[in-house]
Amino acid sequence: MRRREFITLVGGATAWPIVARAQQALPVVAYFRVGSLTPQLVEAFRQGLSSMGFQEGRNVTVDYGPVTGQYDRLRSIADDLVRRGFAVIYAGDNATAVAIKGASPTVPVVFRIGGDPVVLGLVASLSRPGGNLTGVSFLATATEAIRLQMLHQAVPDARVMGLLVNPANPNAAPDTAEAQKAARQLGLDLQVESASTSQEIDRAFAAFVKKGVRALSIDGDGLFNNRRLQLAILTARHGMPAIYNTRDLTDAGLLMSYGASNVEADRLAGIYVGRILKGEKPADLPVQQSVKVELIINLITARALGIAMPPTLLARADEVIE
């Protein structure tokens, strides 16, 4: 996607315009997520649609509406989307999927989430969703322990570690439980702090510093993606190596990231949207498991923090930023 096209896309998205007024014959898909739009994810979603024969402007319209971390508005926005009568709603994260689930039992929804959709109450089972939702799941909870282990490998002398979560995210509780279990097994003291706003992120870091936290795991969340520069500045200011679940924050300056490939997950979700537009029902489409994971290491940050990355981690990395 060209930069000018993407800026135009984002600039026109905030009011959820219904493009179908000008193109009545085209089905309209709502692209609904907490995190801000990124060109790579939008392009992956479009590739998935295209593989099913749908191209924007020709035989489908996609209405992009980033919510940028406004969790308190999710249910009202979800209710509004249902009233607008979209052909399919794409819910790009845990919180938006749960909001849409509560807003309508009938509107077709494709989700892309980091968690177990059965536990979140989105589907009856992975193989037989049984309702109006299906989609792509990468089990982020299963990788929270791995992220803590990797962080421990990178900074083995850090006995006190932190976990930053957004309590508004439905996956915060299981992720916290998984991290606490892993910390006990590693003999680490894990300090957990919550943040749902930019100001609360600042307060959480002040608490981490006060408690002697030496390294930090940041739980996957749309708010944290949107505040990636703030988080990069804070971790650098306090000399705190940190790990995240996607590369967004590693590109911004965090030490590393490990988790599912969001690009691959968005492509798979685009395919499912296309299949539903062709007439298939969410109840009949098994939830897909996105199994592609990636480890990204920022060596520039490692050098700035005085960390000699273990050769085992470097050999395992899918990409090293130098």
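The numbers here are math on the coordinates, done by the rules we state, and not lab data. Since this is a predicted model, take the numbers as computed values, not measurements. Glycine gets a Cβ as well: all are built from the backbone with ideal geometry, and neighbour counts include every protein chain shown.
From the P(r) of the chain, can you give the percent of Cα pairs sitting at distances over 24 Å?
Working: 27171 of 51681 pairs.
Beyond 24 Å sits 53 percent of the P(r) for the chain.
On a straight-distance basis, which aspartates and glutamates could pair with Lys210 in a cross-link, Cα separation under 17 angstrom, same-chain partners fewer than 8 positions away excluded?
List returned: Asp189, Glu193, Glu200, Asp202.
Could the peptides 213-220, 108-115, 128-135 be put in order, highest first, of the mean number of other beta-carbon atoms found within 10 Å of their residues?
Values: 213-220: 25.6, 108-115: 28.0, 128-135: 21.2.
By packing density, highest mean first, the sequence is 108-115, 213-220, 128-135.
Check the straight Cα-Cα distances from Lys211 and name the lysines below 27 Å, setting aside those fewer than 8 residues away within the same chain.
Filter leaves Lys181.
Which lysines, on any chain, are close to Lys281 with Cα under 20 Å apart, when same-chain ones fewer than 8 places away are left out?
Lys101
In nm, to one decimal, how far is the Arg159 label point from the Arg203 one, both placed 7 Å along Cα→Cβ?
About 3.0 nm, to one decimal.
Using +1 at the C-beta of Lys and Arg and -1 at the C-beta of Asp and Glu, which of Gln288, Thr61, Val136 has the Cα lying farthest in the positive direction of the dipole of the chain?
Value computed over the given set: Thr61.
With only Lys, Arg, Asp and Glu charged, each at its Cβ (+1 for the first two, -1 for the last two), find how big the charge dipole of the chain is about the Cα centre; round to the nearest 20 debye.
Details: 33 positive and 29 negative charges, 70 e Å.
It works out to roughly 340 debye.
What number, rounded to the nearest 500 deg cm²/dmol, is the helix-based mean residue ellipticity at 222 nm of the chain, given -39500 (n - 2.57) per DSSP H run of at least four residues and division by all its residues? Could the numbers behind the result be given before it?
Numbers: 13 runs with 136 residues, N = 322.
Only helices count here, giving -12500 deg cm²/dmol.
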